[in-house]
Amino acid sequence: MAARETTIALRDSIARGERTATDACNAALATIDALDASGPALHAFQLVLADRARAKAAALDHAFAKDATLAGPLHGVPIALKDNIVVSGTIATAGSKMLEHFVSPYDATVVERLEAAGAVIIGKTTCDEFAMGSSTENSAYGPSKNPVDPSRIPGGSSGGSAVAVAAGMTTVALGSDTGGSIRQPAAMCGITGLKPTYGRVSRYGLIAYGSSLDQIGPFAGNARDAALVLEVIAGHDPHDSTSARRPVPSFAAAFTGSVADMRIGVPSRLLEQGVDPEVLSAFRDAIASLTTQGATIVDIELPHSRHAISAYYLIATAEASANLARFDGVRFGARVSGGSLTEMYDATRGRGFGAEVKRRIMLGTYVLSAGYYDAYYLKAQQVRTLIQRDFTAAFATVDTVLMPTSPVPAFRFGERVDDPLQMYLADVFTVSANLAGIPAISVPCGTTTTGLPIGMQFLGRAWDEATILCAADAWERIAARA
Amino acid sequence: MSSDTKRADGARFSRQDVARIATLARLALTEPELDLYARQLGGILEHAEQMQGVDTAGVPPYSGATTEDAGDALREDVPVASLSMDAALQNAPQGDRVAGTFVVPKVIG
């Protein structure tokens, strides 16, 4: 694939008058037209908002002609949003038949902030139903395809957003990450994906999956673009009491371009089994390059991380079973009529939800039910505390923790759908950051012999996205020289 | 029955167990789904049993990464605008805009 244009270069070219927001919007729509429904039919987009985007771009051009100094930090930049983030007056399906005709009556806070910064929302991207999945195969509207090899999954659940950026349809996109749903597809598509600290970005207008784990974050071609988008969407929001009242720093201002004084922790014992040999080899090569460039590699222990998958799938499903109780055929979404009120509930939910969503609601309902709560849910929340403490201990001696993003490169469609446990186990490296509430960024670190992208992730202290973005930026420079 | 006994049983789901959970979750499941979930949920919980070996004596359940910020989560109790009735009803499968209500099957006789 040709080198992708960066968001900053695109914005600056519009600011210099070399092209208009309308030009950029039309170019994005033309690329989507050529690659998405036809051509390789990547199906990155669930819904393309062509008319809305053109109108917004025209308004930006009009305002810019009057007063160019008012141009925002994302002036004229087309952006794609995962279809679980709501935009007023447009359909948001979250990949579910339940919400096939749901038109949002309001904007998500990230939408308001993006548009205030001059971004142009170009469409809504394919995702696993209610963000539950690692491949987009759980979308009720068909999966998205990996642009590197369309016979393979793009990762998930924010797969469509990863594809939009990897295939050059947009330079940036938003996804949501509950257990790896931004970082894993970023790794599998060969781009950058950031999960911010829990509470950094408002979740208002994000269709909820696991409320103590969900965070919205950017996909981009590089760390600098990811930092820019994070600066725009981050910060306290009165509509989300879990969004923190913390100042949002200029992340890119902390970029040094170097890892020379950086202490990087590697949990080598976690990598001893279950990691694809090519992924492990690429990861070890990256560590060698970082060492050559002056980073200090420290072997660390994260002793409770081997229980992270179990804790994650009990906590996330428990929260999902409560969050998805709202889909009952009464206030919004589908309804299957007939019989009593409870028969209507049962039929609506039984038919409206897909197999994976029902599986997770069942698991979550079970672990919260009388007699099992202590053994499963409470135990998982205690293990979660231990996982958080492991990271706190590690960050006493290192600046960032480095590990692979996914233990395997992109797999073929259908390869894992029949065995949910095997699908869950592949989230082994991503769920810990969500359980501990800390930020993590996935960056490309090479390819397999057949050309499939491999990713690794830098994890950071809570609220310290600056350090991991700086590390990711420095790594890009090292990788570009190799 | 102690929770330990129930946990040991829980690793092997019967169709009746699955049907009971489906009732709690308000999900109408088909016969093949009952069989599928009995098998799959059993497998997932069997894996999660490994977690029981972790010593969690005296460990508090997780209360958030951002606890230092939780203290200021309260706001002044000032009324602010919310969705209009029409906007709230626009996605209802069955709504009555005149009465301002969501309409459901008859609940009381």
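Consider segment A:89-134. How many of its residues are of a type in the set (Ser, Thr, Tyr) and touching a strand residue (DSSP E or B) at 6+ places or on another chain (Cβ under 9 Å)?
The qualifying residues number 6.
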Segment A:239-259, residues that are over 30 Å from B:Pro79 (Cα atoms) and either polar (S, T, N, Q) or at pLDDT below 95 (or both): A:Ser250, A:Ala252, A:Ala253, A:Ala254, A:Thr256, A:Ser258
Qualifying residue in segment B:15-23 (condition: surrounded by 11 or more Cβ atoms within 10 Å (Cβ to Cβ) and more than 9 Å from chain A (Cβ to nearest Cβ)): yes
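The rows are residues; the columns are (1) at pLDDT 95 or above; (2) touching a His at 6+ places or on another chain (Cβ under 9 Å); (3) surrounded by fewer than 24 Cβ atoms within 10 Å (Cβ to Cβ).
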residue: A:Ser139; (1), (2), (3): yes, yes, no
residue: A:Pro150; (1), (2), (3): yes, no, yes
residue: A:Gly155; (1), (2), (3): yes, no, no
residue: A:Ala162; (1), (2), (3): yes, no, no
residue: A:Gly190; (1), (2), (3): yes, no, no
residue: A:Leu194; (1), (2), (3): yes, no, no
Selection from segment A:299-342 of residues that are more than 24 Å from B:Gly42 (Cα to Cα), in a helix (DSSP H, G or I) and out of contact with any Pro (no Cβ under 8 Å at 6 or more places or on another chain): A:Arg326, A:Thr342
Index of the failed condition, A:Asp61 passing every other in (1) touching a helix residue (DSSP H, G or I) at 6+ places or on another chain (Cβ under 8 Å); (2) surrounded by 23 or more Cβ atoms within 10 Å (Cβ to Cβ); (3) assigned to a helix (DSSP H, G or I): (2)
Pairs with Cβ under 7 Å, 6+ apart, first in segment A:151-177 and polar (S, T, N, Q), second in a strand (DSSP E or B) and surrounded by fewer than 24 Cβ atoms within 10 Å (Cβ to Cβ): A:Ser151/A:Arg412
Residue check, A:Arg351 within 21 Å of A:Gly329 (Cβ to Cβ), within 7 Å of chain B (Cβ to nearest Cβ), in contact (Cβ under 8 Å) with a residue 12 or more places away in the chain and in contact with a helix residue (DSSP H, G or I) (Cβ under 9 Å, 6 or more places away or on another chain): no
Odd one out for A:Leu213, checked against (1) more than 12 Å from chain B (Cβ to nearest Cβ); (2) closer than 23 Å to A:Gly455 by Cβ: (1)
Residues that are β-branched (Val, Ile, Thr) and out of contact with any helix residue (DSSP H, G or I) (no Cβ under 6 Å at 6 or more places or on another chain), drawn from segment A:229-247: A:Val229, A:Thr242
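Those residues that are over 14 Å from A:Val148 (Cα atoms) and either assigned to a loop (DSSP other than H, G, I, E, B) or not basic (Lys, Arg) (or both), I need them from segment A:40-54; list them, please.
Quick first cut of segment A:40-54, residues over 14 Å from A:Val148 (Cα atoms) only: A:45-54.
Result: A:Phe45, A:Gln46, A:Leu47, A:Val48, A:Leu49, A:Ala50, A:Asp51, A:Ala53.
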Verdict on A:Asp177 being more than 12 Å from the chain's Cα centre (by Cα) and charged (D, E, K, R): no
Residue in segment A:356-371 that is farthest from A:Gly210 (Cα to Cα), counting only those that are more than 7 Å from chain B (Cβ to nearest Cβ) and in contact (Cβ under 8 Å) with a residue 60 or more places away in the chain: A:Glu356
Out of A:Asp225, A:Asp261, sole residue that is part of a loop (DSSP other than H, G, I, E, B) and of a type outside the set (Gly, Ala, Ser): A:Asp261
Selection from segment A:372-398 of residues that are β-branched (Val, Ile, Thr), surrounded by fewer than 21 Cβ atoms within 10 Å (Cβ to Cβ) and at the interface with chain B (Cβ under 8 Å from one of its Cβ atoms): A:Thr385
Any hit, segment A:86-104, residues being more than 14 Å from every other protein chain (Cβ to nearest Cβ), outside any loop (DSSP other than H, G, I, E, B) and surrounded by fewer than 24 Cβ atoms within 10 Å (Cβ to Cβ): no
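The values are calculated or read from the model by the stated rules, or taken from the named source; none is laboratory data. Keep in mind the model is a prediction, meaning the values are calculated, not measured. Here Cβ is always computed from backbone atoms with ideal geometry, including for glycine, and neighbour counts include all displayed protein chains.
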